[in-house]
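What follows is one structure encoded as structure tokens, with my remarks underneath.
No lab work stands behind these numbers, since they all come straight from the coordinates. Worth saying up front: this structure is predicted, and the values here are computed from it rather than measured. Here Cβ is always computed from backbone atoms with ideal geometry, including for glycine, and neighbour counts include all displayed protein chains.
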Amino acid sequence: MVPVKLANHIRSAMQFRLKARQLALVLLTVFIVQGCRENEPKPHLSELEKLPAATHEGKHTMGFLLNGRAWIPRSSIRFGAVTQSIVSIGGGGEVDGLQVGFGMNINIYPPLRISKPYNLAQNDTASSSMSIDDGVKRTLFCVFEEDAVLEGELLITHYDYQKRIMAGTFWATFLTESCDTARVTDGRFDLLFTY
């Protein structure tokens, strides 16, 4: 006959093993379910959803749609000093394997216009230019100078001199004889500037 203490110990050990197996089974199930969730397809983002949000917090972001495809700078964003009477905004990025350089200049003869659009096609107070090429192959090269802007607007929606923040929106249509029409839509920027 097995002593009572030994029987209790054996029963306790068996219960512990059973609980350990149950716990292991629960953990294995959780890991399997989690692994399946990681393999689930990610929700498809629209081209517009790929752009940074239109904020005014100095997040140093910029982006637009070029003929419906998202453009976000891959290299550094250019942003010139506000006190030099010209503000330059731009950067380099990629759309469908093509290198796209984009820039805008604003002549900020006082006062700077907030919430009143600058006409990018007039070239008197604001202008824009863009280049598109296929990288090292150089079989495609389009340059849209300031006079290639058929229409377009730049709107400064937020300007905080103390916090050095300038934010806004823009759009433009470019056309030259040698290249297809380029449409820049849903443009936005939220940048920190230097004095």
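Neighbour counts of C-beta atoms inside 10 Å place 178, 128 in the sequence 178, 128, starting with the fewest.
Evaluating 6.51 cos²θ - 1.76 cosθ + 1.60 at θ = phi - 60° for every residue in region 145-157, the Karplus couplings come out as 6, 4, 7, 8, 7, 6, 7, x, 9, 10, 10, 7, 9 Hz, glycine and proline recorded as x. If Lys and Arg each add +1 and Asp and Glu each add -1, what is the summed charge of the other residues whose beta carbon sits under 10 Å from the beta carbon of residue 52? Residues near residue 52 contribute +2 overall.
So how do 62-72, 156-166 stack up, highest first, on mean other-Cβ count within 10 Å? Mind showing how you got there, number by number?
Numbers: 62-72: 19.8, 156-166: 16.2.
With the highest mean Cβ count within 10 Å placed first, the list reads 62-72, 156-166.
Length gained on full extension, residue 114 to residue 88: 7.7 nm, using 0.36 nm per residue less the C-alpha separation.
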